[in-house]
Each structure stands twice: as C-alpha cells, then as structure tokens.
1. So Pro37 fits all but one of (1) under 21 Å from Val163 (Cα atoms); (2) surrounded by fewer than 16 Cβ atoms within 10 Å (Cβ to Cβ); (3) in contact with a strand residue (DSSP E or B) (Cβ under 7 Å, 6 or more places away or on another chain); what number is the exception?
2. Which condition breaks for Ala159 when tested against (1) of a type in the set (A, V, I, L, M); (2) buried (at least 22 other Cβ atoms within 10 Å of the Cβ); (3) within 14 Å of the chain's Cα centre (by Cα)?
3. State yes or no: is Ala221 in contact (Cβ under 8 Å) with a residue 12 or more places away in the chain, more than 16 Å from the chain's Cα centre (by Cα) and outside the structural domain of Ala100 (by TED's automatic domain parsing)?
4. Restricting to region 232-270, count the residues that are surrounded by fewer than 16 Cβ atoms within 10 Å (Cβ to Cβ) and within 23 Å of Arg200 (Cβ to Cβ).
5. Can you list the helices (runs of 4 or more DSSP H) lying wholly within region 1-112 that have 2 or more residues being modelled with pLDDT of 95 or more?
6. Only one of (1) under 24 Å from Leu306 (Cβ atoms); (2) assigned to a helix (DSSP H, G or I) is not met by Lys262, so which one is it?
7. What pairs come up if the first residue lies in region 232-246 and is at pLDDT 95 or above, the second is of a type in the set (D, E, K, R) and more than 9 Å from the ligand (Cβ to nearest atom), and their beta carbons are under 9 Å apart, counting only those six or more places apart or on different chains?
8. Residues being in contact (Cβ under 8 Å) with a residue 24 or more places away in the chain, of a type in the set (A, V, I, L, M) and either under 23 Å from Glu53 (Cα atoms) or part of a loop (DSSP other than H, G, I, E, B) (or both): count how many of those fall in region 113-157.
Amino acid sequence: MTDRYQDFVSSSLGQLLVKNLGLPNPVPLDRYVAGSPLVDGTVVVGGAGRLVEHLPGILDVLGIVTTTTTDAGTRHRGLVFDATSLTDPTQLVALRDFFAPLMRSLEKCARLVVIGTPPESLEGAERIAQRALEGFTRSLGKEVGRGGTSQLVYVADGAEGAVGSTLGFLLSPKSAYVSGQVIRIGSSVKEPAESPDWQRPLDGKVALVTGAARGIGEQIARVLARDGATVVGVDVPQAADDLIRLTKELDGDYLTLDITAKDAPKRIAQHLTRAHGGVDVVVHNAGITRDKRLANMDADRWSSVLGVNLVAPERISDELLAQKLIHDNGRIIGVASIAGIAGNLGQTNYATSKAGVIGLVDSLKASLKNGITVNAVAPGFIETKMTAAVPFATREVGRRLNSMSQGGLPVDVAETIAWFADPASTAVNGNVVRVCGQMMLGA
Ligand SMILES: NC(=O)c1ccc[n+]([C@@H]2O[C@H](COP(=O)([O-])OP(=O)(O)OC[C@H]3O[C@@H](n4cnc5c(N)ncnc54)[C@H](O)[C@@H]3O)[C@@H](O)[C@H]2O)c1
C-alpha cells in the first residue's frame, strides 16, 4: 500500500516542513534491480585485522570495486572497516579515525560494515574491545541517514574466506531495510562447498516456500526463482488460484495443503521425493495472526496461531531431516517477527509463536550436518495486507519508529532470505536477522 506521508515529504513543500519542523524524512530506498551491478560505486576498505588483505579479492569476485585511498570530493557507496585487530578498548579510537572523516563523503543509501571477532571466543581486554563494536555500529545506523545502513559482522577465526555472500548482501541494495544488525559467521565450514555465480546462485536448486500465494511468501518465491531456484510453493486450497498462477509464471511447482494438517509433513516429503528428489532450501513463511489481549484469548485463537507459525515448521523440518530429504549444503529458514523479540500488545499468541521460531533456530543450529544451516528473519513493519489492516495510528507508529522512517517491502524480507539460501552462505548459521529498518522496538 502507498505511504502518503512519504509521498508528501518528497515534494518541495514537504522538504521545507521536514527541515524546519524536524519531521521524519523517509527517503526512497535503493533496491536491487536484476541484471544491475551488485554495488553501484566504490567501497572504501580500512582497518588492519585478519580480513583486510582478503577483502578486495573477495569483493572483486562479486564485481564490487574497492579502494583503500580516499580523495577529497570523491563520494563513496560503502565503507568496510576490519576491526579484528583491536585488542584493547583504547584502540577503539581507530573507529573514529576511519569513519569520521568519511561520513560526509557518502552517497545516499550508503552501506557501512564493521568486521569483528566474536567476543565469546575471546577473553579480557580483547573481549571488551570486540563487544564494544556493537554500540558503535548500532549508533552509526541511527546517524548515517538518507537510507544508509550500518552492520557488525563477527567473523570467527578461520572463516575469513566465507564472508563473500554476506558482504555482497550487506553492501548492496538487497539489504535496503536491514540495519543495526549483528551477524555471526562461524568457522565450522571454512570455504563454501562451491563458488556459485552470484547472479544465479540457486541454479539447479529446489526451494520449498510455505504461504507462497501472496504477500511476503510471493516475493520470496519470486526472488528465489530470480536467483535460479525451482520454487515449490505451498498454500491452503483456498489460495490455489493465486498459487498456481504464480508458480506457473515462475516455472515452478505447487502443493495445496494446510500445513497444520496431521499428514502435511509426510505429504510434503512425498511430493518433494517424487517430483524433485529432495529439497535444497526450506522457507517456513506461512503465518497468521489472531490478535486479542490475553484476558479475551480463547483457546482456538491461541492454538491456531501456534499451530501454523511454530508447530508446523517444527514438524515439517523434523520430517524432512528424518527422511534425509534436505540435500547437503541445504537451508532451513524461519520467519520470526520483532513481536517475538519485543512482545506486542494483543499478541501473546503470535509473539510466543515467533519467539519459538527463534528457539527452533537455536535448537537445530548445532546439530545440523553436511553444511545444512538454519537461520531466521525477524521482519518489522512490512507493507502487506496484514499490516494494511492495522488501525491508522498504530500503523503510523510502526512505520516511523525506525531509522528509515518508513515501512519495509516484502522484497526486503525476500532478499534477506535469499542471502541465507545462497550456497556460499554455509558459514552463516544460527542467525536471527531483523528486517525492520532498525526499529526501536526490542532493539
Ligand atoms: N507483514 C508484516 O509486517 C510481518 C511482520 C513480521 C512477520 N511477518 C511474517 O511474515 C510471514 C508472511 O506474512 P504476510 O504479511 O505475507 O502474511 P499474508 O497473510 O499476506 O500471507 C500468509 C500466507 O500464508 C498462507 N497460510 C496461512 N496459513 C496457512 C496454512 N495453515 N497452511 C498453508 N498456508 C497458510 C496464507 O494463505 C497466505 O498466502 C508470516 O509468517 C508473518 O507472521 C509479517
């Protein structure tokens, strides 16, 4: 749906009022257009840690142009600072020394990334210094403005070669509505099993997407198909027309069923076995809300929401894993919500289910084998039919209370899922990444 306030502030009168009254200024965000370069402009690389010498080569594979020198007057699309060498809090001043002189040289929708070492793997002063990076990057996300984003990527020792897909995502317009996030790249698999073409990383892969007939699920299907996947869309029989139209357009396949049905996991498994010989990417997107304050919450509202949002993803994942239908280097991807992090009035059922999705990630992340990973997105305010039904005042608060002063689009969630799904993201495991424009709630 349209954001009338954003339309108004793009006019000259709107800009005048924004400047004089200090009103929120939601700038149109750059979004990735298929066939374009991943990053339109140069990225300045700085710092002196474990990764800095590898970064130009890793980014060059993705067609991203880097530089280590900066001339007055040159504008930059992104800044990457390798902070892994900071072993003492007194050295944190290096962050100021690198970023401060460059903050006025940034293009609109600039991308800022700091790379650190996971503090939990360190001790003493080094641990303190690395943990401090989080406050820096989150504040930078609130300061950068004009659609810019800022992230912290903790790279485990030994995972230096596995950062390509993550930096490609974070430096490109694909991460338009992701900011203030802390992402962990582990060392269990040091190099991706294969080095896919970044434009079609999912060529030859099969992706199951539940709730694919509309909204966020439809965009997930579209983006995964753009990246080369054969998409198997799942939705309820009532949504069959939309589901069939979409999957036909994407040259994919479909299955109509209610994911809460007792036999749903077995039917999905059977379909994937017979028609596709297994699956590479499983996206648990289908979700519902049935809001009421707890005092008025009947048992049906509670169990229907828990059933679709949490129990079904758990049962389907268990069945596919038990039958070994998820191929090596496969992906399980959950759709949580910031309600599952911050809680929300009238949503005890929904927030419980979405916090449970985060629990699902935690429970599986250490046990998965053969390069299979599990991660989740936690969307904030995304412009869909679900949020169009929210009362006006609540909707305005949801839209403006974030660093972008606007709602995100379904494609923003889909692009984040596509990054998890990328075969080169094998070392990205156990993450819950918010797609919320750095919303204040639960931050
Ligand atoms: N829209 C937002 O702002 C927002 C924010 C946070 C999280 N989310 C989550 O994103 C996901 C998609 O949300 P959306 O806004 O696109 O919702 P939506 O209602 O537009 O679409 C959900 C889809 O899931 C399908 N579905 C529902 N129950 C099903 C069942 N039992 N079996 C099979 N399919 C079923 C629906 O038919 C529909 O096609 C949900 O998990 C939702 O909780 C959305």
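1. Pro37 satisfies every listed condition except (3).
2. Only one criterion is unmet by Ala159, namely (3).
3. no
4. Count: 3.
5. 55-61, 93-99
6. The number of the failed condition is (2).
7. Val232/Asp253; Gly233/Asp253; Leu246/Arg222
8. Of the residues in region 113-157, 9 are in contact (Cβ under 8 Å) with a residue 24 or more places away in the chain, of a type in the set (A, V, I, L, M) and either under 23 Å from Glu53 (Cα atoms) or part of a loop (DSSP other than H, G, I, E, B) (or both).
The values are calculated or read from the model by the stated rules, or taken from the named source; none is laboratory data. This structure is a prediction, so every number in the text was calculated from the model and none was measured. For neighbour counting, all protein chains shown are included, and Cβ atoms are generated from backbone atoms with ideal geometry for every residue, glycine included.
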